[in-house]
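Below is one structure, written out as structure tokens; the observations come after it.
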Amino acid sequence: MYFWDIHSLKRDIISGGLSEKGRFLYFFIGIILLRELVDLVDLFINSYFISDFSDQDNESSNWFGSMINGTLLSLIICLGTYYSYRVNSLNDGNDFLGRFVSISFVVGIRFLVLLVIFLLAILILGAFLENTLINPEVITSYIFNILPLSLVSFMYIRIVKHIKDVSVENV
């Protein structure tokens, strides 16, 4: 099972070396990690950057922004997954789920490292801005609206690239 080496994973997929058990392990561990990541990000955001809103207008605008952000994120995921499927069909079109799950796992691990670096940078930025005239809550709220959309978009771009490589046997 590869956690970082995407090229070896792609070689195994092309040569048929990724067993059904291997595909299951990528899927199973990926679901567990995804669930834990959602909890971790939620805890981080609620612990450091979300204040209690006493004003009803702020609550409704925050809810509306969350709905737009959630809708855009769902759209990116749906379009990215569909495009991955289409790219997989370029040559042989075989084993989409095995390819998608295993490649998404390795790419996701890489993006998890990137996400941790971003979150630490935001934490440092928030601490730095706390003693200035700039409101750190405003800046971090914009970052937390844009960051997930950007990361998921770029992650799907990488997933599609690697699925295309495997589909046309270009490692």
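The values are calculated or read from the model by the stated rules, or taken from the named source; none is laboratory data. Just so you know, these numbers come straight off a predicted model, no measurement behind them. Every residue, glycine among them, receives a Cβ derived from its backbone with ideal geometry; neighbour counts consider all protein chains shown. Quick note on the areas: whole protein, heavy atoms, side chains included, nothing else; ligands and nucleic acids left out. Shrake-Rupley method; radii C 1.70, N 1.55, O 1.52, S 1.80 Å.
Computed from backbone phi, the HN-Hα couplings of segment 84-101 come to 4, 4, 5, 5, 4, 7, 4, 10, 9, x, 8, 6, 4, 5, x, 5, 4, 5 Hz, rounded to whole numbers (Karplus: 6.51 cos²θ - 1.76 cosθ + 1.60, θ = phi - 60°; Gly and Pro given as x). As a calculated quantity, the FRET efficiency between PHE3 and LEU90 at R0 = 22 Å, using C-beta atoms, amounts to about 0.20. Sorted largest first by accessible area at a 1.4 angstrom probe radius, with every protein chain in place, the residues LYS10, LYS164 fall in the order LYS164, LYS10. Note on ARG99: accessible area approximately 10 square angstrom, rounded to 10, probe 1.4 Å, nucleic acids and ligands left out. Working from label points 7 Å from Cα in the Cα-to-Cβ sense, the TYR83 to LEU112 distance is 2.5 nm.
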